[in-house]
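Below is one structure; the comments refer to it alone.
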Amino acid sequence: MIFTLLIFAPACDEQAIEESIAKEETKEEEEVVEEDDKVEDEEEDVVEEEEEVIEEEETVEEEEDPNFQGSRANFPRKVEYVESTDMPSKDKLYIFIMAGQSNMAGRGFVEPQDTIPNSRILSIDASLNWIQAKEPLHWYEPKFTGLDCGVSFAQTLLNSVPADVSIAMIPCAVGGSNIHNWQTNAEHREVFLLDNFKEKVAHAEQYGTIKGVIWHQGESNSSTSAATYKTKLTDVISIFRTEIGDDNLPFIMGELGQYTSPEDKQDRWDTFNDNLHLIADEDDNLSVVLSDNLTDIGDGTHMDSESQRELGKRYAAAYVELTED
């Protein structure tokens, strides 16, 4: 009996040490996540402040000139609804979810060319009515709404799908939202992000097949540790795929821009982009579109109209490449 105790005691000590180390590592990981969450909140505040400055500048111009229409000058005056009898058959409607923050929601200047309808490109309004897609597609932030990449994506993709197929773009992006907001279904700018996503998915899949997600998010997370962001993003991707019922659903991410300042901020964005590629390398159904030569509206954060249209083309090309046999 004594011999048994002498052998067992060291084993117990070793187990206790391992448990202690594991607890310490868990505590450190939790502290890192907590610190990352604080940084996310700070970066989100900065993004919101930048957007508020733009709004204030436009408000001043509007007050000085009663004819000033600002970024909304070319918004469509007419919504063209699509009756249920005119909807494509379910197998002929390819649906794409747009998710992320402001560069997916769109801050570009809408021009007349962005509002020309195509009977094969659809979207929904805030009441879930099917409509002919015209920019801007997003409506969650009326003060900031602008050109996104959705219509450009659909126009480009039409060249690579059968002639009897239509494309529907479902807007779910909300400016300033960080990855933790998405992961935890946080309420952001009066939108519960995951609940809203699930509502749109449930509605859309009654009419067609969800073929993929185009995602642009990260300005609010450029200082989040790579490991933490990877964990949270992969969790969001898993949640999206589970909700849609497709474990191999294409999920295409966009790099942050290469136009910000100061230099240390751009360095963080570049590091963030590198991490996106590392994440994509681990899943054959993930892809990243590049931000080379894209330009901003002058605020160092948001892509201008030309770049939004180009971004849409790049997302479409990435989708085609990702899904080709």
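The values are calculated or read from the model by the stated rules, or taken from the named source; none is laboratory data. Just so it is clear, the structure is predicted and the values come from calculations on it, not from any experiment. Positions of Cβ are backbone-derived with ideal geometry, glycine not excepted, and every protein chain shown enters the neighbour counts.
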In region 193-244, residue nearest to Ser291 (Cα to Cα) [restricted to those that are in contact with a Lys or Arg (Cβ under 7 Å, 6 or more places away or on another chain) and surrounded by 20 or more Cβ atoms within 10 Å (Cβ to Cβ)]
Ser222
Assess whether Ser160 counts as being at pLDDT 95 or above, surrounded by fewer than 17 Cβ atoms within 10 Å (Cβ to Cβ), over 21 Å from Gly218 (Cα atoms) and touching a helix residue (DSSP H, G or I) at 6+ places or on another chain (Cβ under 8 Å).
yes
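Test Thr301 against the stated conditions and say whether it is in contact (Cβ under 8 Å) with a residue 24 or more places away in the chain and surrounded by fewer than 20 Cβ atoms within 10 Å (Cβ to Cβ).
no
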For region 304-323, the count of residues that are in contact with a strand residue (DSSP E or B) (Cβ under 6 Å, 6 or more places away or on another chain) and among the aliphatic types (A, V, I, L, M) equals 2
Hey, can you tell me all the residues within region 255-294 that are touching a helix residue (DSSP H, G or I) at 6+ places or on another chain (Cβ under 8 Å), among the small types (Gly, Ala, Ser) and part of a loop (DSSP other than H, G, I, E, B)?
Gly257, Ser291
Could you please let me know if Leu137 is within 15 Å of Ile214 (Cα to Cα), among the aliphatic types (A, V, I, L, M) and modelled with pLDDT of 95 or more?
yes
Counting only residues that are under 22 Å from the mean Cα position of the chain (by Cα) and assigned to a loop (DSSP other than H, G, I, E, B), which one in region 90-124 is surrounded by the most Cβ atoms within 10 Å (Cβ to Cβ)?
Gly106
Unique residue being at pLDDT 95 or above, farther than 24 Å from Tyr140 by Cα and within 15 Å of the chain's Cα centre (by Cα) when the list is Val213, Val289, Val236:
Val289
Long-range neighbours under 8 Å by Cβ, at least six apart or interchain, first residue without any contact (Cβ under 8 Å) to a residue 24 or more places away in the chain and more than 16 Å from Asp125 (Cα to Cα) within region 187-208, second surrounded by fewer than 18 Cβ atoms within 10 Å (Cβ to Cβ) and among the small types (Gly, Ala, Ser)
Phe192/Ala186; Leu193/Ala186
Within the group Ser123, Ser177, Ser127, which residue is hydroxyl-bearing (Ser, Thr, Tyr), out of contact with any Lys or Arg (no Cβ under 7 Å at 6 or more places or on another chain) and without any contact (Cβ under 8 Å) to a residue 40 or more places away in the chain?
Ser127
In region 295-325, which residue that is of a type in the set (Asp, Glu), outside any strand (DSSP E or B) and within 18 Å of the chain's Cα centre (by Cα) is farthest from Val151 (Cα to Cα)?
Asp304
